[in-house]
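All remarks here apply to the structure that follows.
The values are calculated or read from the model by the stated rules, or taken from the named source; none is laboratory data. Note that the coordinates shown come from a computational prediction; the quantities given were computed from them, not determined experimentally. Here the Cβ positions follow ideal geometry from the backbone for every residue, glycine too, while neighbour counts run over all protein chains shown. Surface accessibility is based on the protein's heavy atoms, side chains included, excluding ligands, DNA and RNA. Shrake-Rupley method; radii C 1.70, N 1.55, O 1.52, S 1.80 Å.
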Amino acid sequence: MKKAMTISYEIGNKLYMNLTNQCPCSCTFCIRNHGDGAYGSDPLWLEHEPSMDEIKEDLSARILSDYEEIIFCGFGEPTSRLDVLIETARFMKSDKKCPPLRLNTNGLSDLISGRSTADELCEVFETISVSLNAGTKDEYMKVTRPRFEDAFEAMQKFTADCVKNGGADVVMSVVDVIPPEEIEAARTLSEKLGAVLRVRKYDT
């Protein structure tokens, strides 16, 4: 695999942030299984975890107001570095022209950090998108392959906590490679938790 220090990268008029390669899951459809980057980006395997100084230096070359949205979604689970994630979001928001921030997450930050995290994240993100991946626990565990036995329950609690907070729009997502009945089960679960389901097209 090729390694680089791609902290931020563009896709269309959106800016993506790549803060870590750590992830507690090993999803069967993960783009990391097919290459070093995403949608033609530079390699996203990081040489090392970027410090705040490196993140700020990288962002100094960007004009945040040029982007429609900024999305924290790289080659790892952003909440694996929760403190750095939140500090980066707050740093961006110190720019009055900062566009909306979105967090793409597997929803396992409570298990990763050992504490409730929804309120902290809803404070700095306009949208929180949780990867549901399947509508039932059996399929979720098969597809997501998390290291936590109670991942499915924890992901739901995190989502419900974000909805309850009310500070961010909460979306749950599945990839269109799963069977239609799983998509419908996912839709039912999302609605139960108060979130909106988004069906993502699988694209390597």
Within the stretch 1-131, the percent of DSSP beta bridges that are antiparallel, given to the nearest 5, stands at 25
Farthest towards the positive end of the dipole of the chain, among Gly74, Ser131, His48 and with Cβ unit charges of +1 on Lys and Arg and -1 on Asp and Glu, lies the Cα of Ser131
Probe 1.4 Å, all protein chains present, accessible-area order of Ser173, Ser94, largest first: Ser94, Ser173
Under 27 Å from the Cα of Lys201 - lysines, other chains or at least 8 residues apart: Lys2, Lys3, Lys14, Lys137, Lys142, Lys157, Lys192
Heavy-atom accessible area ranking, 1.4 Å probe, most first, across Ser8, Ser51: Ser51, Ser8
Check the chain for me: any Cys whose beta-carbon has no other cysteine beta-carbon within less than 4.7 Å? Cys23, Cys25, Cys73, Cys98, Cys122, Cys162
What list of ³J(HN,Hα) couplings, whole Hz, do you get for the stretch 153-158 from phi and the Karplus terms 6.51, -1.76, 1.60, once you set θ to phi - 60° and write x for glycine and proline? 5, 5, 4, 5, 4, 4
Return the carbon/sulfur percentage of the accessible area of the chain, one whole number, probe 1.4 Å, all protein chains in place. 47
Run the dipole for the stretch 21-150 about the Cα centre, Lys and Arg Cβ at +1, Asp and Glu Cβ at -1, nothing else charged, and hand back the magnitude in debye, nearest 20. 260
Calculate one ³J(HN,Hα) per residue across the stretch 120-129 by plugging θ = phi - 60° into the Karplus curve 6.51 cos²θ - 1.76 cosθ + 1.60, and present them in order as whole Hz with x for glycine and proline. 4, 6, 5, 5, 10, 10, 6, 9, 10, 10
Compute the distance from the alpha-carbon center of the stretch 106-130 to that of the stretch 37-88, in whole Å. 17
How about Lys97: which aspartates and glutamates have a C-alpha closer than 14 Å to its C-alpha, ignoring those fewer than 8 places off in the same chain? Asp66, Glu68, Glu69
In degrees between 0 and 90, to the nearest 10, how far off the longest principal axis of the chain does helix 180-193 point, with axes built from Cα atoms? 80
The chain: calculated mean residue ellipticity at 222 nm from DSSP helix runs of at least 4, using -39500 (n - 2.57): -10000 deg cm²/dmol
Leaving out ligands and nucleic acids, note down the accessible area per residue over the stretch 68-204 with a 1.4 angstrom probe, in whole Å². 46
Taking the Cα of Lys14, stepping 7 Å toward and past its beta carbon, and measuring to each backbone N in the stretch 115-145: which are under 18 Å? 125-133
At 25 °C and 0.890 mPa s, what whole-number value in µm²/s does Stokes-Einstein give for the translational diffusion of the chain, with Rh from the Kirkwood sum over Cα pairs? 143
Residues with amide H under 5 Å of Glu69's amide H, sequence separation 5 or more or different chain, H placed in the peptide plane at 1.01 Å from N; which? Leu15
To the nearest 0.05, how large is the calculated FRET efficiency for Lys137 and Ser94 if R₀ is 25 Å and r is the Cβ-Cβ distance? 0.05
Once you sort the root eigenvalues of the Cα gyration tensor of the stretch 130-194 as a ≥ b ≥ c, which label holds: rounded (a/c under 1.5), prolate (a/b larger than b/c) or oblate (the other case)? oblate
